Amino acid sequence: MLFFIMGWVVITIFHMEDKNQKEITIMHAKSIREYYLALVINCIIVGLLFSILAVAYPIIFNFFSPDLRIAHIVIGFFAHFSLSLLSIALSLFFTREFVKNDINTWWGVISILVISLVLAVANIDILKIKLINWFLPPLRYSLDIMSIDDEVIHLSGQIYREFGWVFIYSLILISIYIAIVQKRRII
């Protein structure tokens, strides 16, 4: 659910200002890079808060079995936060800077998030081609980690690698987005 909510948050935050107000804000920021970085950071803060809420809510209301461990809480937080960060990174490419029609913006975000989810859940033959896996959104890692055995008592190296790849993938997409927007603005 957080994966889709963050897509909505990104579009809402990035479309908050009209064109004239955006120009004024960019002038105050003194750099288009700073402006877009601030928007992304705002989205990340919202994702962080939602991730904390998603993990804290079931703990507060005792929805877990009595043998809840710190490892479960850490895994839950990282899984939710990595999903929100990935959603932010994917949704950026459907903001007004790339998609001019607002209807297409929403359809684009929903489509890419649903396609990412389907690829993560389904065992599709395309995933057997290892090179393609490097380019597809690594949503499946977060989902795999969220479904690990309840008997886990410590975090393995594999968990760190999988979360690391989701974070790196997301940061690469965010960097590409900011570089493209900055370059378009200069030209």
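The values are calculated or read from the model by the stated rules, or taken from the named source; none is laboratory data. All figures in this text were calculated on a predicted structure; none of them were measured in a lab. Glycine also receives a Cβ, built like all others from the backbone with ideal geometry; neighbour counts cover every protein chain displayed.
Checking Arg185 against (1) surrounded by 11 or more Cβ atoms within 10 Å (Cβ to Cβ); (2) at pLDDT 75 or above; (3) within 23 Å of Leu39 (Cβ to Cβ): exactly one of these is not met. Which one?
Condition not satisfied by Arg185: (2).
Residue-by-condition table, conditions (1) over 30 Å from Gln182 (Cβ atoms); (2) small (Gly, Ala, Ser); (3) touching a Phe, Trp or Tyr at 6+ places or on another chain (Cβ under 8 Å):
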site: Leu49; (1), (2), (3): no, no, no
site: Ile60; (1), (2), (3): yes, no, no
site: Ile88; (1), (2), (3): no, no, no
site: Thr105; (1), (2), (3): no, no, yes
site: Ser111; (1), (2), (3): no, yes, no
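All but one of (1) touching a helix residue (DSSP H, G or I) at 6+ places or on another chain (Cβ under 9 Å); (2) modelled with pLDDT of 85 or more; (3) under 28 Å from Glu17 (Cβ atoms); (4) of a type outside the set (Lys, Arg) hold for Tyr169, so report the exception by its number.
Going through the list (1) touching a helix residue (DSSP H, G or I) at 6+ places or on another chain (Cβ under 9 Å); (2) modelled with pLDDT of 85 or more; (3) under 28 Å from Glu17 (Cβ atoms); (4) of a type outside the set (Lys, Arg), Tyr169 breaks only (3).
So Cys43 fits all but one of (1) out of contact with any Phe, Trp or Tyr (no Cβ under 9 Å at 6 or more places or on another chain); (2) surrounded by 15 or more Cβ atoms within 10 Å (Cβ to Cβ); what number is the exception?
Unmet for Cys43, out of (1) out of contact with any Phe, Trp or Tyr (no Cβ under 9 Å at 6 or more places or on another chain); (2) surrounded by 15 or more Cβ atoms within 10 Å (Cβ to Cβ): (1).
Search the stretch 58-75 for residues being surrounded by 10 or more Cβ atoms within 10 Å (Cβ to Cβ) and among the aliphatic types (A, V, I, L, M), and hand back the single one that is farthest from Leu155 (Cα to Cα). Please lay out each step first, then the result.
We begin by selecting, within the stretch 58-75, every residue surrounded by 10 or more Cβ atoms within 10 Å (Cβ to Cβ); these are 58-59, 64, 68-75.
After this cut, where a residue has to be among the aliphatic types (A, V, I, L, M) as well, the list is 59, 68, 70-71, 73-75.
On the way: Ile59: 19, Leu68: 14, Ile70: 10, Ala71: 6, Ile73: 11, Val74: 9, Ile75: 8 Å.
Of everything passing the filter in the stretch 58-75, Ile59 is farthest from Leu155 (Cα to Cα).
Only one residue in Phe78, Phe14, Phe61 is under 18 Å from Val166 (Cα atoms) and among the aromatic types (Phe, Trp, Tyr). Which one?
On the way: Phe14 fails: under 18 Å from Val166 (Cα atoms); Phe61 fails: under 18 Å from Val166 (Cα atoms).
When all the criteria are applied, what remains is Phe78.
With the condition kept exactly as written, say whether any residue in the stretch 78-90 is of a type outside the set (Lys, Arg), more than 22 Å from Ile174 (Cα to Cα), surrounded by 14 or more Cβ atoms within 10 Å (Cβ to Cβ) and touching a residue at least 12 places away in the same chain (Cβ under 8 Å).
Filtering the stretch 78-90 down to residues of a type outside the set (Lys, Arg) leaves 78-90.
Going one step further and asking which of them are more than 22 Å from Ile174 (Cα to Cα), we end up with none.
The answer is no, given that none of the residues of the stretch 78-90 is of a type outside the set (Lys, Arg), more than 22 Å from Ile174 (Cα to Cα), surrounded by 14 or more Cβ atoms within 10 Å (Cβ to Cβ) and touching a residue at least 12 places away in the same chain (Cβ under 8 Å).
Hey, among Thr105, Thr95, which residue is at pLDDT below 80, under 30 Å from Arg184 (Cβ atoms), among the hydroxyl-bearing types (Ser, Thr, Tyr) and in contact with a Ser or Thr (Cβ under 8 Å, 6 or more places away or on another chain)? Working first, answer last.
Details: Thr95 fails: at pLDDT below 80.
Unique residue meeting the criteria: Thr105.
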